[in-house]
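The values are calculated or read from the model by the stated rules, or taken from the named source; none is laboratory data. None of the values given here were measured: they were computed from a predicted structure. Using ideal geometry, Cβ is built from the backbone for each residue, glycine included, and neighbour counts are taken over all protein chains shown. Each accessible area value is taken on the protein alone, full model and side chains, heavy atoms only, with ligands, DNA and RNA left out. Shrake-Rupley method; radii C 1.70, N 1.55, O 1.52, S 1.80 Å.
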Amino acid sequence: LLYDAACPVCSLEMDHLRGRDAAGHLTFVDIAAPGFDAAAYGATSAALDAELHGVWADGTVVKGMTTLRAAYAAVGLGWVLQPTGLAPVRPVFDLAYRLFARYRRPISRAAAPLIDTVRARRTLASMARCRDGACGVAREDRS
């Protein structure tokens, strides 16, 4: 998954997927990381910044809602987004995603208090799973 970790909403979503990816089916690549090279993926920085991209194991590049549907399926949550892929409503959800992607930065600014609350609750839930002095809180990887 090629995503923008500088986008709080995007980062929150990828953290959720990362936490659900117990089988290690997904790899997360931060396109905002220093030294990131879009050309290595056959794309421009602007194209990757415009919407979420995914790369299949065979090198096929997908983007937008197709990427999200596949990522959710990879972590066992395919049923959550499966309705968004049904023919009658797919164009609506694909358009809604493109609009979100275009305006994700102002959306993130407006949603900052909610994002902070969700992160804090996730951290507390992870800490509640601590046992014998060891805690399962994963270090946030921004690479």
Compute the accessible area per residue over the chain, keeping the other protein chains in place, probe 1.4 Å, unit Å².
61 Å²
Any idea which of 33, 77, 3 is furthest toward the positive side of the dipole for the chain, if Lys and Arg beta-carbons carry +1 and Asp and Glu beta-carbons -1?
77
Return the loop-located chymotrypsin sites (Phe, Trp or Tyr not before Pro) in the range 18-73 (DSSP other than H, G, I, E, B) with at most 12 other Cβ atoms within 10 Å of their own Cβ; answer none if there are none.
56
Report the semi-axes of the equivalent ellipsoid for the chain in whole Å, largest first, where each axis is √(5λ) for an eigenvalue λ of the Cα gyration tensor.
25, 18, 17
Which value results when the Cα radius of gyration for the range 46-127 is divided by 2.2 N^0.38 Å?
1.27
How much of the accessible area of the range 1-98, probe 1.4 Å, is carbon plus sulfur, in whole percent?
63 percent
Given the options 81, 12, 124, state which has the largest fluctuation in a GNM of the chain using a 10 Å cut-off (strictly under) for Cα springs.
124
